[in-house]
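Worksheet: one structure, shown below.
Coordinate-derived values only; no laboratory data. Source: prediction; values computed, not measured. Cβ: placed from backbone, ideal geometry, glycine included. Neighbour counts: every protein chain shown.
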Amino acid sequence: MTWYKPMFDPSRFAAGARKAEDLFRTIEQAVYDNKLAAGEQLPTVRALAESLGINKNTVAAAYRMLIDSGVIVTAGRRGTVVAERHFATPVSITPPAMTPEGVIAVHDGNPDPAFLPTHAEILEAFATTASPPRLYGERRNVADLTKWATSMFEADLPTVHGIFISSGALDAIERALRTHVRLGDKVAVEAPTYMTTLALVRSLGLRPVQLEMDADGIRPDALKNALSSNCRAVIFSTRGQNPTGAVTGARRARELRNAARGHDDVLFIDDDHSSLLELAPYEPWHVDSARWLTVRSFSKFLGPDLRVSVTCGDSVTLGKLEYSQATSMGWVSSLLQQTALALLKDDRVRTRIRHAGTAYRDRFVALKEGLHSIGVDVPGKVGLNVWIPLRDEATVVQWLLAKGWMVRSGSDFVVEGQAGIRVTSARLTTERIEDFLSDFRELAIASSTTFSA
């Protein structure tokens, strides 16, 4: 194999510079510059070491760093190859700028705008902010929002050690991972999981490990296996899981609590995104652990553009989050915090949130039962999205688009395997559910093998 010699100039690895990190950066840059294409085979450790005149252990270490970072993967008899999706967007986290004319968007995971605060209500809430913008050195968080969040968490958790306010849920989760895990560590995620969570884990150079699930959430045996394989963090949602709608009840919570016991070096993160919608009772099985967080954003009921999230957890992890924020962005705008709090205390908004929770439950169940009636069983109990397992997701996505429905391909939600599609049921009125089921029934009749997941 000689194709790689021009790229890996031996002079770049002269005495004193023959480090695994140098080789790692060279290959990473080659992938970034598209000099190495996805699926392209790399030389063996021995061959590359001999070509460069360096120790094979150095090459092996560089390859391990590249694997841990998701740049390359092992592919059986093909050896080591460039990963398919590295340096492209890890998952399709940004939908098309415009939905084609005549197509109904049920791909984006958004809440129904009909249940979000109106423009007038947002302006009114902003106008009632009680204090002027903060200056450097002043208190970073709005005391009344911290008090409100403490009261909310106290209704569900045995102990509240403090409140961390972040710019959305992923801001808190990213900071937690950065302060707890290292490059190449394993992080357990649900299968399927929220696509942006998976993208975040990969972008940090972490190795995602899939947790098998059922309608009750994570399977206890899957959690045990992940923990025994040295996963350093576990990210999950106990209710209204995205994309499946799985809900962890009291019995499953006890089983997961037992499985997690004794793993004091593992950080357990619950992305409880539906919170105030009260889609199901909250079963915080992770809070007996030494390191844990419950993250609650306001996106699903105040709208994704109000980038505010509140987090509760153990005191050590919360302290790390506060330090991380203080030494980077500093704080979440106090004007934004006060606006969010004013909306949360607005009777009109709170009434709409309650109605949204009821509507989302009804829509999920209607779509789930409708699919079941045509022989398509889906997992989960309640949520804003429905996961439909499929054998041939590409065919279904294209069929539905031709029928006027834009859905999300399931490959964005899994590490490997488990083909399917996600449909945002929160956006579907009763009439549209019937229309969707009618088109889906036609597809099921035309191609029954497509639905054998």
When the Debye formula is applied to the Cα atoms of segment 320-435, each taken as the same point scatterer, what base-10 log of I(q)/I(0) results at q = 0.11, 0.14, 0.15, 0.17 Å⁻¹?
-0.58, -0.78, -0.82, -0.90
Note, segment 235-250: 3J(HN,Hα) by Karplus (6.51, -1.76, 1.60, θ = phi - 60°), whole Hz, Gly/Pro = x, goes 10, 7, 9, 7, 8, x, 4, 9, x, 8, x, 5, 9, 8, x, 4
According to the square roots a ≥ b ≥ c of the eigenvalues of the Cα gyration tensor, what is the shape class of the chain, taking rounded for a/c under 1.5, prolate for a/b larger than b/c otherwise, and oblate for the remainder?
oblate
Can you pull the one-decimal nm distance between simple spin-label points at Ser203 and Lys224, each 7 Å off the Cα toward Cβ?
3.6 nm
Under the classification rounded if a/c is under 1.5, otherwise prolate if a/b is larger than b/c and oblate if not, where does segment 152-295 fall, given a ≥ b ≥ c as square roots of the Cα gyration tensor eigenvalues?
rounded
Checking the cross-link filter: which lysines have an alpha carbon closer than 23 Å to that of Lys19, excluding same-chain neighbours under 8 positions apart?
Lys5, Lys35, Lys56
Fewest Cβ neighbours within 10 Å first, please rank Leu145, Leu343 accordingly.
Leu145, Leu343
Translational diffusion coefficient, Stokes-Einstein: compute it for segment 125-207 using the Kirkwood radius over C-alpha pairs as Rh, at 4 °C and 1.567 mPa s, and state it as an integer in µm² s⁻¹.
82 µm²/s
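Which FRET efficiency value, to the nearest 0.05, is calculated for Arg432 and Ala250 with the Förster distance at 22 angstrom and r the Cβ-Cβ distance? Working shown, then result.
On the way: r = 34 Å, r/R0 = 1.56.
For Arg432 and Ala250, the calculated efficiency is 0.05.
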Each residue of segment 112-117 in order: what ³J(HN,Hα) in whole Hz does its phi give by Karplus 6.51 cos²θ - 1.76 cosθ + 1.60, θ = phi - 60°, with x for Gly and Pro?
6, x, 4, 9, 8, x
Just want to confirm a number: the relative contact order over the chain, from Cα pairs under 8 angstrom separated by 6+ residues, in percent.
18 percent
Name the aspartates and glutamates eligible as straight-distance cross-link partners of Lys368: C-alpha to C-alpha under 13 Å, and not fewer than 8 places from it in the same chain.
Asp377, Glu434
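Rounded to the nearest 500, what is the chain's calculated 222 nm mean residue ellipticity when only DSSP H runs of at least 4 contribute -39500 (n - 2.57) each, over all residues? Intermediate results must be reported in sequence, preceding the final value.
Details: 15 runs with 177 residues, N = 453.
It comes out at -12000 deg cm²/dmol, rounded to the nearest 500.
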In degrees, nearest 10, range 0 to 90: what is the angle between the Cα axis of helix 315-326 and the longest Cα principal axis of the chain?
80 degrees
Separation of alpha-carbon centers, segment 268-330 and segment 142-195, rounded to whole Å:
3 Å
Thr358 to Arg441: FRET efficiency via 1/(1 + (r/R0)^6), r the Cβ-Cβ distance, R0 30 Å, to the nearest 0.05?
0.65
Which value in nm describes the separation of the simple spin-label points at Arg64 and Val365, placed 7 Å from the Cα toward the beta carbon?
5.3 nm
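Most exposed first by the Cβ proxy, i.e. fewest other Cβ within 10 Å, how do Arg46, Arg202, Arg296, Arg178 rank? Present the calculation step by step, with values, prior to reporting the outcome.
Details: Arg46 11, Arg202 20, Arg296 24, Arg178 14.
With the sparsest Cβ surroundings first, the list reads Arg46, Arg178, Arg202, Arg296.
Could you give the length gained by full extension between Val73 and Val316, i.e. 0.36 nm per residue of separation minus their alpha carbon distance, to one decimal place? The partial results should precede the final answer.
On the way: separation 243, 0.36 × 243 = 87.48 nm, distance 3.51 nm.
Between Val73 and Val316, full extension yields an extra 84.0 nm.
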How much of the DSSP bridge set in the chain is antiparallel, in percent, rounded to the nearest 5?
50 percent
Any lysines with Cα under 19 Å of the Lys300 Cα? List them, leaving off those in the same chain fewer than 8 positions away.
Lys345, Lys381
